[in-house]
Every structure is written in C-alpha cells, then in structure tokens.
Amino acid sequence: MSLWQEFPVAGILQGADEYLKSNIMVENKMLREEEELPVQGAGAGADAASATDADSMNDESMKLHTKGKEDKQPDGMGEKLMEMNDKYLRLSAEFDNYRKRTLKERMELTRTAGEQLLVGILPVVDNFERALESMDYSSDIKSIKEGISLIYSDFKDYLERNGVKEIETKEADFNTDLHEAVTAIPAPAPEMKGKVIDTVEKGYILNDKVIRYAKVVVGE
C-alpha cells in the first residue's frame, strides 16, 4: 500500500485547514487585544484630564470664594483693630490715673500716720517738761523718780499700742534672728552656755519685724 493510500489526501487537507483557521483566530484575538489597549489608555487619559480639569475648576472657584472673603476682611479687621486700640488707650489712661491716685493716697497716708505718731508722743513730752520743772524747786528725790518712772511706763505703753515691743534677752537662748552678739564670755554656770548673759543695747520688734537687734553678751 502506498503512502497516499495510507493517508488520504482529503483528511490531510482538512487537518491543515483547521490548523490554519485556529492560528488565524489566535492572531486575530491578539491583534484585537493590542488594539484595545491604546483605546483603554486613551480613555483613562481622558478621564484623568477630565478629573484634572474638574479639580482646576474647583480650585479656581475656591480661589474666587477665598478672594471674596479676603476682600471683605480688611474692612472688618480694621474696625476691630480701631476698637481694640481705643479700648487699650482708655485702659492705659485709667490705669495711669489709678497709679497716680494710689501714689498720692500712699503719700497722704504716710504723712497722716507720721502725724498721728507725733500727736501721741506730745503728751509724753509734756510730762517730761513738767518733771524737769519740778526738779528745779522740789527737793523730794523720791517723788521725782516716781514721776519719771511713770512717764517712762506711759511711753512704753504707747509704743506697745503702736506695735513696738521689746525683745526679751534676760537669760534667753541666743537667737541670731533677734540678737546680735557683741562678745562672748565664759558662762558663769554650765546651764548658761549659749544663753544671753548681759544686754548692751535693747532690741525692738515692730509688728513681728525686727527694727533693731538686741546687742548682747553670750556665755560660752
């Protein structure tokens, strides 16, 4: 049997025809896909361009809207600034007047307080003058001493009424907040170590503030 008889010509041609058709279909499909890709890219580009145009339009509208607001702001801000400046000037003038008035009141108060203190001391001065006059014609030393002691007591009471008190020093513990050590001497007794032995000059407190430290001798 020959080769042509074993493979009929009709069958071979039919197989080749189907093979060619399938290849043509595959190539056409690939061509269509390649042609569709640029179209899709163009469509995306158009969409992007449209979106960009829309964003630009929105930006322009926002700029116009903001510009309109900015154009309106200066007038309002100017009025507010003028109002705030006026308030500031008024407050500054009121504060300056208050400061001057307060300073004047303080000066007057200081003068008045000094006047009141002097008025309170005048009776003590009068009593001293009477005591000095009595010393010229009186020979009773005892009565003169009693009169001077009475004047001294009245004067101390007057100081205490005005907030002046004497600092305690007799056998008191040495305190640097109240006392000023002039010198130190051997203590006469062991329990007197670190205590005030003698007072050289009295100290005074005015309303819990030391106005003069007590000068003392301390035992060591």
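Values computed for the structure shown
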item	result
Packing-based ranking, highest mean first, of 165-174, 110-119 given that Cβ atoms within 10 Å are counted	165-174, 110-119
Modelled FRET efficiency - R0 22 Å, Ala184 with Lys209, Cβ distances, 0.05 increments	0.25
Val164/Arg111 FRET efficiency (R0 22 Å; Cβ-Cβ; nearest 0.05)	0.65
Pairwise label distance in nanometres, Glu129 with Glu220, each label 7 Å out on the Cα-Cβ vector	5.1 nm
Quarter of Cα convex hull surface for region 165-220, i.e. mean projection, nm²	3.3 nm²
Region 90-153: radius of gyration over Cα atoms, expressed as a fraction of 2.2 N^0.38 Å	2.13
Filter on Lys156/Lys195; Lys142/Lys165; Lys145/Lys170; Lys104/Lys209; Lys195/Lys215 - keep pairs with C-alpha separation over 19 Å	Lys156/Lys195; Lys142/Lys165; Lys145/Lys170; Lys104/Lys209
Relative intensity, log₁₀ I(q)/I(0), of region 132-182 from a Debye sum that treats every alpha carbon as a point, q = 0.12, 0.14, 0.21, 0.29 Å⁻¹	-0.50, -0.61, -0.82, -1.03
Set of region 148-185 residues, backbone N closer than 19 Å to the point 7 Å along the Cα-Cβ line of Val200	167-185
Amide H contacts of Asp198 (H built 1.01 Å from N, under 5 Å, at least 5 apart or other chain)	Val217
Hull-based mean projected area of region 94-220, where the convex hull spans the alpha carbons, in square nanometres	12.2 nm²
Packing-based exposure ordering (other Cβ within 10 Å, fewest first) of Phe155, Phe95	Phe95, Phe155
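Read the figures in this text as sums done on the coordinates, not as results from a lab. Please read these numbers as outputs of a predicted model, since none were measured by experiment. In this analysis, Cβ positions are derived from the backbone assuming ideal geometry, glycine residues included, and neighbour counts consider all displayed protein chains.
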